[in-house]
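Undergrad: First the structure, then my questions, so here it is.
Taken together, the values in this text are just the output of simple stated rules run on the coordinates, not laboratory data. Computed from a predicted model, the values in this text were never measured in an experiment. Glycine also receives a Cβ, built like all others from the backbone with ideal geometry; neighbour counts cover every protein chain displayed.
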Amino acid sequence: MTPQDQQQQQAPIQPVVSRETVKEENKIHLFLSYLGNVFGVPLALIPMLTVKDDDFIKWHAKQALVIYLATLVGMVISFVLSFVVIGFCLMPIVGIGGLVLSIMGLVKGLNGERWRIPMISDLAEKF
């Protein structure tokens, strides 16, 4: 074993996380983006349309809107499937999943991080 291999085994690998400083006025936009999902209202449209110069806020607003739409589609599918008993089991799972994703996105956004959710972030970047 070479000395370089030994150093690589001893040093833990830490992921590179880019943090941005979040201004106080931008925290309101982050709350609007993700908190609207909790109440079932697409409030992410407000920061998307009003914030022109901050890519960080726009990125989170787009992601929050996609989370909202994915939850809405999941609820509609669950409602259709509720005529077959399985839909009643899916509705709470979809609702809680959307709530958890929104809260996690809000916390990450307030910490200045961009949290990439696998399919949702890919769809949000297409806006």
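Undergrad: Order the peptides 98-109, 53-64, 35-46 from the highest to the lowest mean number of other Cβ atoms within 10 Å of their residues. Walk me through the intermediate numbers first.
TA: Numbers: 98-109: 18.7, 53-64: 20.8, 35-46: 17.0.
Those peptides, ordered most packed to least, come out 53-64, 98-109, 35-46.
Undergrad: Taking the Cα centre of each part, how many Å lie between the range 25-67 and the range 79-126?
TA: Their Cα centres are 15 Å away from one another.
Undergrad: Ok, one more. Would you kindly state how much longer the chain becomes between S82 and L49 on full extension, computed as 0.36 nm times their sequence separation minus their alpha carbon distance, in nm to one decimal?
TA: Details: separation 33, 0.36 × 33 = 11.88 nm, distance 3.60 nm.
Gain in length upon complete extension: 8.3 nm.
Undergrad: Take each complete run of DSSP H in the chain, measure how far its Cα atoms stretch along the helix's own axis, and keep only those covering 27 Å or more with mean Kyte-Doolittle hydropathy at least 0.5; list them.
TA: Numbers: long enough: 55-81 (39 Å, 1.34); 86-110 (36 Å, 2.00).
TM-like helix candidates: 55-81, 86-110.
Undergrad: Shifting gears a bit: Name the residue from L69, L45, V80 whose Cα lies farthest towards the positive end of the charge dipole of the chain, charges +1 on Cβ of Lys and Arg and -1 on Cβ of Asp and Glu.
TA: Going by the Cα projections, it comes out as V80.
Undergrad: Given labels modelled 7 Å from the Cα in the Cβ direction, how far is it in nm from T21 to V41?
TA: Once both label points are built, they end up 3.3 nm from each other.
Undergrad: Under a plain spin-label model, where a point goes 7 Å from the Cα along Cα-to-Cβ, how far apart in nm are C89 and K126?
TA: For C89 paired with K126, the spin-label model returns 3.0 nm.
Undergrad: If you don't mind, there's one more thing I want to ask. Please get the size of the charge dipole for the range 23-125, origin at its Cα centre, with Cβ charges of +1 on Lys and Arg and -1 on Asp and Glu, quoted in debye to the nearest 20. Display every interim value, and only then the final one.
TA: On the way: 8 positive and 8 negative charges, 20 e Å.
In debye, rounded to 20, the range 23-125 gives about 100.
Undergrad: Also, I was wondering about something else. So for the chain, what percent of the C-alpha to C-alpha distances run longer than 24 Å?
TA: Across the chain, Cα pairs with separations above 24 Å total 39 percent.
Undergrad: Please list, ordered by chain and number, the residues whose modelled amide H lies under 5 Å from the amide H of D54; skip anything fewer than 5 residues away on the same chain.
TA: Under 5 Å from the amide H of D54: no residue qualifies.
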